[in-house]
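S.K.: Here it is, the structure, as structure tokens.
The values are calculated or read from the model by the stated rules, or taken from the named source; none is laboratory data. This is a predicted model, so every value here is computed, not measured. Neighbour counts run over all protein chains shown; Cβ positions are idealised from the backbone, glycine included.
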2 protein chains.
Amino acid sequence: MATLSITGGQVLLPDGTVTRADVLIDQEGGEILEVGPDLAGEETLDASGGLVTPGFVNGHSHVAMTLLRGYADDKPLESWLQEDIWPAEGELTAEDVRVGAELGLLEMIKGGTTAFADMYFEMPEIVDAVDRAGLRARLGHGVVTVVKDDAGAREDLETSLEFAREYDGAANGRISTAFMPHSLTTVGREYLEEFVPKAREAGVPIHYHANETVDEVTPIVEDRGVRPLAYAAELGMLEPEDFVAHGVHVDESEIGLLAEAGTGVVHCPASNMKLASGMAPVQRMLEAGVTVGLGTDGAASNNDLSMLDEARDAAMIGKLAAEDASAVPAERIVEMLTHRTADAIGLESGRLEEGVPADLAVIDLEEPHLTPAHDLVSQLAYAAAASDVRHTICDGQVLMRDREVLTLEEDAVLERASEAAESLVARAEE
Amino acid sequence: MATLSITGGQVLLPDGTVTRADVLIDQEGGEILEVGPDLAGEETLDASGGLVTPGFVNGHSHVAMTLLRGYADDKPLESWLQEDIWPAEGELTAEDVRVGAELGLLEMIKGGTTAFADMYFEMPEIVDAVDRAGLRARLGHGVVTVVKDDAGAREDLETSLEFAREYDGAANGRISTAFMPHSLTTVGREYLEEFVPKAREAGVPIHYHANETVDEVTPIVEDRGVRPLAYAAELGMLEPEDFVAHGVHVDESEIGLLAEAGTGVVHCPASNMKLASGMAPVQRMLEAGVTVGLGTDGAASNNDLSMLDEARDAAMIGKLAAEDASAVPAERIVEMLTHRTADAIGLESGRLEEGVPADLAVIDLEEPHLTPAHDLVSQLAYAAAASDVRHTICDGQVLMRDREVLTLEEDAVLERASEAAESLVARAEE
């Protein structure tokens, strides 16, 4: 049994307490063997002056969109999608998706993220990139039917279902999948009625955008006579294994449905602010018992994939939305950064304890912005940054050691991504 | 004449355009001599793969509060101040203020900030720290009269005035001063009526908190029958050289007063969010022609002093407040990060052009989160982080080279600050 010990640091336990301890990992099994004093493994990672935390979990992303980072800022969701993003995405090749995914995975590893959920297309390319990069992921092919004829719509739906069936358990079990209709307004009711039961038969969860903007609520209320999440429940899309992205404009009845169903909500504060979509009632959802996770959304609406930025944003906007500075406090934020999001998207990750997957990050605390050390949970929620991550470990493997990413060649990824992005935009603007 | 050239990078010009150029600096005069191709100085700073920007300007801070970073989070302004911050501040010694200031200055230099405005006490200690650290600053002694008897109030007011008179032009001209009554509610009217004219005689600007929370508005409306900034105008505290912090709850009439008077407003988005104070109408103020700057406020309500974090926060909350994703766009944000804030607080800084003070930062662009390079202004507003700053230059002197701060000894500052913070909290909780 190959073992790795992470020594000399403090550790963040699942109950939110911080204590001085080492962590011993079984690298073959990919699990944490022990958390305690003076643990020696065959290999050692130095965590002195650092905090060992669960790896961060990014509950909603479109990782290949890194190629469009900064391409079209300062526009509202609808015109941004229709005038800029979709035309550019229309030009994306499978190779572009692979290159963009590599860039996003590199950024996530450098920011301490070890698990994520992603909705995009050309998904086998992303599977391949995740396999090589070493992260854990729940992946799915995103389906939009409203711009397609019936044959095109069915093909897209079959692709999503087929991807979910075929790739579940890939990358040595690090990859799980989901059926991913884009949203309740961009996929027709007849298709949802037909394909949701098929997803259930296949045993895959369902992930979709819901209640992101008012424009995603009003048409459903007008056409169906019920709120979007009541419509989702009618369609059988509100099961414990399912999770929705955003949940900005949810009313009390919908919060109740989410809590009762056990369906996760992935809150994406930066994207919701940047697109002026609104403020999700996170404190209310937490109080009601909804499993609220955190996600970056795509880099084009954020503009980075740092979960530590997202944590700070969630605390900030959570207080504004509740009009209460004690709302969404640092302890809840650190849970959302780790195990709450893992629970929302159905991955076993986000906890630092014996017998669970060894998905970890080591945060360097010896920086001016993290001094003094009155409260390390506060530091993680409000002051730590992606650049403070010293090591990243997923499934027992070291993905980054002393800021050097071991599974992807950083210079080559940046160069390929820059070239692909330039060519993509040139094609889109032709 | 000692000269320094910053070579190989792209430069951000005052009009917001980016071009490939070198920058030649007269180190003795502290000025930019030339911006153009192939400039050779006696010394060279490498900016290849980087963006040379004006140094960032932090328009409102309490820099020594770094000692209280993370000490009391998740509380609203009034109880946070009264239950936690003021009792702890009551225990601060002059030595603590110096140590806390050094920590804050170190953090600012590492984040590319070269000029700032600060309101605190034991100000000669901060003068000394700024002198040694090499930044540019507008400093003032903050006065609260409501908790003091008349003699104590007068002593505090005289201290503020005397400090402003004595230290203006200190540190070889890098330090300017202001008279700083804490706010319109914490300093009695009779004192403002007496001391504002004295500040005018002394030729120093006035800086104060205004309209930060609803609790700073309502009592004035009730007691005086006018909005706070109309009250300030009556008292002669709304002159072009004056600047207020926050301006969250300003109505249209007050926006008009600010625009007409030319009084600057320093927007502190992170602090306003963290304390749930509200959302300043930044887009409205910009449209009305108000000089809106940006500030971090103290580290206890932020929790860092990164102006790049503040920039991103301002763009985000600005859009939410305006309910418009096109509001407070990246170009405005980058102006607020640099010359708009310098203008608001009355310092000559924040521009990269010939004949102005050489206050600069070099941002390393070769990072995953800053790739690809579709739009460098967007990268600066939305994706760049403090850790991306490679070099920091103020008044022609290199304060940080390749992430090594040259004017402060980082390890010693962190150690002293940790010790001082621990001792301070122990005393406060006795």
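S.K.: Take the residues in the range A:46-73 that are part of a loop (DSSP other than H, G, I, E, B) and not aliphatic (A, V, I, L, M); name whichever of them is surrounded by the most Cβ atoms within 10 Å (Cβ to Cβ).
M.R.: A:R69
S.K.: Looking at A:S61, A:S79, A:S48, which is the one that is of a type in the set (S, T, Y) and away from every other protein chain (no Cβ under 14 Å)?
M.R.: When all the criteria are applied, what remains is A:S48.
S.K.: Taking the options B:T392, B:T371, name whichever one is of a type in the set (S, T, Y), closer than 25 Å to B:G49 by Cβ and touching a strand residue (DSSP E or B) at 6+ places or on another chain (Cβ under 8 Å).
M.R.: B:T392
S.K.: Can you tell me which of A:G169, A:G247, A:G203 is in contact with a strand residue (DSSP E or B) (Cβ under 8 Å, 6 or more places away or on another chain), surrounded by fewer than 15 Cβ atoms within 10 Å (Cβ to Cβ) and not acidic (D, E)?
M.R.: It is A:G169.
S.K.: Criterion first (farther than 17 Å from A:G59 by Cβ, out of contact with any helix residue (DSSP H, G or I) (no Cβ under 8 Å at 6 or more places or on another chain) and of a type outside the set (D, E, K, R)) does A:G236 satisfy it?
M.R.: No.
S.K.: Criterion first (in contact (Cβ under 8 Å) with a residue 40 or more places away in the chain and buried (at least 24 other Cβ atoms within 10 Å of the Cβ)) does B:E212 satisfy it?
M.R.: Answer is yes for this residue.
S.K.: Further question on the same structure: Here is a check on your reading of the model: is B:F116 under 30 Å from B:D375 (Cβ atoms) and in the same structural domain as B:V143 (by TED's automatic domain parsing)?
M.R.: yes
S.K.: Considering only the range B:159-167, I want to know if a residue exists there that is within 14 Å of chain A (Cβ to nearest Cβ) and out of contact with any Asp or Glu (no Cβ under 8 Å at 6 or more places or on another chain).
M.R.: Scanning the range B:159-167, I find no residue that is within 14 Å of chain A (Cβ to nearest Cβ) and out of contact with any Asp or Glu (no Cβ under 8 Å at 6 or more places or on another chain), so the answer is no.
S.K.: Quick one: would you say A:L157 is over 25 Å from A:G55 (Cα atoms), surrounded by 15 or more Cβ atoms within 10 Å (Cβ to Cβ), touching a helix residue (DSSP H, G or I) at 6+ places or on another chain (Cβ under 9 Å) and at pLDDT 95 or above?
M.R.: Criteria met by A:L157.
S.K.: Going through the range A:322-356 one residue at a time, which ones are over 15 Å from A:V266 (Cβ atoms) and small (G, A, S)?
M.R.: Those that are over 15 Å from A:V266 (Cβ atoms) and small (G, A, S): A:A322, A:A325, A:S326, A:A327, A:A330, A:G355.
S.K.: Pick out the one residue from B:S387, B:S418 that is at the interface with chain A (Cβ under 9 Å from one of its Cβ atoms), among the hydroxyl-bearing types (S, T, Y), over 23 Å from the mean Cα position of the chain (by Cα) and in a helix (DSSP H, G or I).
M.R.: Matching residue, one of B:S387, B:S418: B:S418.
S.K.: Of everything in the range A:1-39, what is in contact (Cβ under 8 Å) with a residue 40 or more places away in the chain and hydroxyl-bearing (S, T, Y)? Give them in sequence order.
M.R.: A:T3, A:S5, A:T7 - these are the residues of the range A:1-39 that are in contact (Cβ under 8 Å) with a residue 40 or more places away in the chain and hydroxyl-bearing (S, T, Y).
S.K.: Is the range A:49-58 home to any residue that is within 22 Å of the chain's Cα centre (by Cα), on the phi > 0 side of the Ramachandran plot and modelled with pLDDT of 95 or more?
M.R.: no
S.K.: Continuing with this model, one more query. So, in the range B:388-414, how many residues would count as being of a type in the set (G, A, S) and free of Cβ contacts under 8 Å to residues at least 60 places away in the same chain?
M.R.: 1
S.K.: Separate question: Select from the range A:131-142 the residues that are under 23 Å from A:E241 (Cβ atoms), over 13 Å from the mean Cα position of the chain (by Cα) and surrounded by 24 or more Cβ atoms within 10 Å (Cβ to Cβ) and list them in ascending order.
M.R.: Answer for the range A:131-142, where residues must be under 23 Å from A:E241 (Cβ atoms), over 13 Å from the mean Cα position of the chain (by Cα) and surrounded by 24 or more Cβ atoms within 10 Å (Cβ to Cβ): just A:H141.
S.K.: Starting from residues that are without any contact (Cβ under 8 Å) to a residue 40 or more places away in the chain and assigned to a helix (DSSP H, G or I), keep the ones in the range B:91-124 and report whichever is nearest to B:A358 (Cα to Cα).
M.R.: B:A101
S.K.: For residues that are closer than 23 Å to B:A386 by Cα and not acidic (D, E), scanning just the range A:388-412, find the one that is surrounded by the most Cβ atoms within 10 Å (Cβ to Cβ).
M.R.: A:T392
S.K.: While we're looking at this one, here's another question. Would you call A:T17 within 22 Å of A:G293 (Cβ to Cβ), at pLDDT 95 or above, surrounded by fewer than 18 Cβ atoms within 10 Å (Cβ to Cβ) and among the polar types (S, T, N, Q)?
M.R.: Spelling it out, A:T17 is indeed within 22 Å of A:G293 (Cβ to Cβ), at pLDDT 95 or above, surrounded by fewer than 18 Cβ atoms within 10 Å (Cβ to Cβ) and among the polar types (S, T, N, Q).
S.K.: While we're looking at this one, here's another question. Can you tell me which residue in the range A:274-303 is nearest to the other protein chains (Cβ to nearest Cβ), limited to those that are touching a Lys or Arg at 6+ places or on another chain (Cβ under 7 Å) and more than 20 Å from B:P329 (Cα to Cα)?
M.R.: The qualifying residue nearest to the other protein chains (Cβ to nearest Cβ) is A:L286.
S.K.: How about the range B:317-348: which of its residues are in contact with a Lys or Arg (Cβ under 6 Å, 6 or more places away or on another chain) and part of a helix (DSSP H, G or I)?
M.R.: Correct list: B:H339, B:I345.
S.K.: Which ones in the range B:271-323 are charged (D, E, K, R) and under 14 Å from the mean Cα position of the chain (by Cα)?
M.R.: Selection gives B:D297, B:D304, B:D309, B:E310.
S.K.: I'd like the full set of residues that are touching a Lys or Arg at 6+ places or on another chain (Cβ under 6 Å) and polar (S, T, N, Q), limited to the range A:1-45.
M.R.: Answer for the range A:1-45, where residues must be touching a Lys or Arg at 6+ places or on another chain (Cβ under 6 Å) and polar (S, T, N, Q): just A:Q10.
S.K.: Also, quick follow-up: Of all residues in the range A:349-371, count the ones that are touching a Lys or Arg at 6+ places or on another chain (Cβ under 9 Å), buried (at least 24 other Cβ atoms within 10 Å of the Cβ) and not in a loop (DSSP other than H, G, I, E, B).
M.R.: Total satisfying the criteria: 7.
S.K.: Identify all residues within the range B:390-414 that are part of a helix (DSSP H, G or I) and either more than 21 Å from A:A373 (Cβ to Cβ) or not aliphatic (A, V, I, L, M) (or both); write none if there are none.
M.R.: The answer is B:E410, B:D411.
S.K.: Applying the selection to the range A:199-209, what residues are in contact with a Phe, Trp or Tyr (Cβ under 9 Å, 6 or more places away or on another chain) and either without any contact (Cβ under 8 Å) to a residue 12 or more places away in the chain or small (G, A, S) (or both)?
M.R.: A:A199, A:A202
S.K.: So, one more: For the range A:67-80, indicate whether the set of residues that are among the hydroxyl-bearing types (S, T, Y), touching a residue at least 40 places away in the same chain (Cβ under 8 Å), in contact with a helix residue (DSSP H, G or I) (Cβ under 7 Å, 6 or more places away or on another chain) and more than 28 Å from A:D364 (Cβ to Cβ) is non-empty.
M.R.: Among the residues of the range A:67-80, at least one is among the hydroxyl-bearing types (S, T, Y), touching a residue at least 40 places away in the same chain (Cβ under 8 Å), in contact with a helix residue (DSSP H, G or I) (Cβ under 7 Å, 6 or more places away or on another chain) and more than 28 Å from A:D364 (Cβ to Cβ), which makes the answer yes.
S.K.: Step by step: first the residues of the range B:304-360, then only those that are within 11 Å of another protein chain (Cβ to nearest Cβ) and among the acidic types (D, E), then the one that is farthest from A:T296 (Cα to Cα). Which residue is that?
M.R.: So the residue we want is B:E331.
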